[in-house]
Each structure stands twice: as C-alpha cells, then as structure tokens.
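The values are calculated or read from the model by the stated rules, or taken from the named source; none is laboratory data. This structure is a prediction, so every number in the text was calculated from the model and none was measured. Cβ placement follows ideal geometry from the backbone for every residue including glycine, while neighbour counts extend to all protein chains displayed.
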Amino acid sequence: MAERLSFEDEIRKNKIKSTLLMGVIFIFFILLGYVIALVLDPGYFFVIMVISIIFSLGYTLISYYNSDKIALASVNAKPASKTEHRQLYHSVESMSLASGLPMPKVYVMQSEQINAFASGRNPQHAIICITTGALEKLNKQELEGVIAHEMSHIANFDIRFMTLSAIMIGLISILAEIFLRSLWYSGSNDSDKKGNAILLVIGIIFAILAPIAARLVSLAISRKREFQADATGVKFTRYSP
C-alpha cells in the first residue's frame, strides 16, 4: 500500500526547497560581482552595481505594485457578475472562509481553455481571474479545487516571493549586460590587462552563463511554489489529492 502524503509535510518541504533555490540565485549574484570586481577597477564596479540596483528595483517595484492591473489588462479580463457567475462567487467565498483570507476581487477572461491565475501584492490587494472555459467545463468540486490552488498562491505570498526572485535575476542580468558592454569601451593596451586575459575570458563566460543559470533556478522555484500551492489547496478544500 502506497504511503499517504501529508500536505503539511509537502508545504514545509517546498518552503525549504524554495528558500534554498533563492539562496542559489543570491550566490550567482555574489560570484558574478566578485568576478567583475577582479576584472575591472573596484571603483568602476561600484558604479555598475549602483546602476544595476536602481534599474532592477525600479522596474520590479513598479510591476509589483501594479501586478494585478497589468495581469488583468494583458488578458482583457472583466469583473465577474454575482448573478451570472454565481457558482464562481460561491466557490471563492467558500475558499476565502476556509483559508481565513479576505475575499479577493473576482474577474473572468474570455478563453475556451481551462485556466486561472491570482495576482496582487498581498491578500488585501489580491485578485483571482478564471477563464470562461473553466466555468463551462468544471463541476463544483473541480472549480473549488482550482480556486483553492489560486487562493494558496495568495496565502503563501507567492507574488511577493517571485518578485524577490525577479529582482535578483534582474540584478544579475543588468550587471552582466553592463559588464559585457563596458569591455568594448575599456582600453586593452595595458600589459597588466593582457596578463589577465584568462581572468577576462572567465569573467565574460560567467557573465553570459550566470543570467541563464539564474533564470533556470527561477523556473525551478516557480515549480516548487506550484507544488506548495497544490498541497495548500488540499488543506483548504480537504479533498483527497
């Protein structure tokens, strides 16, 4: 007989794995900064770091505080009707009570596919959007399962967690881009620089590979958060997995 999974254990393990993966991204950032500091003048490196942080934080924070508006506009979603989408509202209210979270705003987007997403920087500013295809094809229990999954993303602050991941990846990408472009404008006649040719090549390779590796780790984090949302959804609905 197969061992029965505990959603509490799954939630705990996925939280640990997500945190460890975030640590891996931070290590990529530190290593890239260290390599660039060895190749370039430390003072010049400090300027690159400041520019990277300003650009990455500015872009990400604007997206973070407007994530719900951006997401809804991108799919042309409309507010759900309490009369036309009564079952949807009932499912969201039920999962709101089960999770202890405030009732999120509910939207519907036109699509034949079965899909849904949650957005918003915290439970007080959260939205849930679901496709018309999901409303037409899912029964009550299936619809509650989908809503529970999205409510789990809100409860676990996944938007905030992924925003932190985006900031780190943005810093790595911008830092690598500025470093690679700066090489075109730096002089190459210095004998010391010629002696550091191997270090320069290592720096270039790392600047190219670090953003790719960080992006792959970010995708792994996303999958872990999805697994965690599944486990938390089971906790909200009490349906067997």
I'm trying to understand the selection: among the residues of the range 92-102, which are surrounded by 15 or more Cβ atoms within 10 Å (Cβ to Cβ) and either more than 13 Å from Cys129 (Cα to Cα) or over 26 Å from the mean Cα position of the chain (by Cα) (or both)? Ser94, Met95, Ser96, Ala98, Ser99, Leu101
Checked against (1) among the hydrophobic types (A, V, I, L, M, F, W, C); (2) part of a helix (DSSP H, G or I); (3) not assigned by TED's automatic domain parsing to the domain that holds Arg225, Ala166 satisfies every condition except (3)
Which one of Lys137, Lys82, Lys78 is free of Cβ contacts under 8 Å to residues at least 12 places away in the same chain and either acidic (Asp, Glu) or not assigned by TED's automatic domain parsing to the domain that holds Leu216 (or both)? Lys82
Considering residues of the range 155-167 that are of a type in the set (A, V, I, L, M, F, W, C) and out of contact with any Ser or Thr (no Cβ under 8 Å at 6 or more places or on another chain) only, the residue farthest from Gly23 (Cα to Cα): Phe157
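Per-residue answers, yes or no, for (1) within 27 Å of Ser218 (Cα to Cα); (2) among the basic types (Lys, Arg); (3) in contact with a helix residue (DSSP H, G or I) (Cβ under 8 Å, 6 or more places away or on another chain); (4) not assigned by TED's automatic domain parsing to the domain that holds Ala229:
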{"residue": "Tyr89", "(1), (2), (3), (4)": "no, no, no, yes"}
{"residue": "Ser96", "(1), (2), (3), (4)": "no, no, yes, yes"}
{"residue": "Thr131", "(1), (2), (3), (4)": "yes, no, no, yes"}
{"residue": "Val146", "(1), (2), (3), (4)": "yes, no, yes, yes"}
{"residue": "Met151", "(1), (2), (3), (4)": "yes, no, yes, yes"}
{"residue": "Leu171", "(1), (2), (3), (4)": "yes, no, yes, no"}
{"residue": "Ala176", "(1), (2), (3), (4)": "yes, no, yes, no"}
{"residue": "Phe179", "(1), (2), (3), (4)": "yes, no, yes, no"}
Restricting the range 74-85 to residues that are under 22 Å from the mean Cα position of the chain (by Cα) and assigned to a loop (DSSP other than H, G, I, E, B), the one nearest to Asp230 (Cα to Cα) turns out to be Ala77
In the range 135-170, how many residues are within 19 Å of the chain's Cα centre (by Cα), more than 21 Å from Ile30 (Cβ to Cβ) and polar (S, T, N, Q)? 2
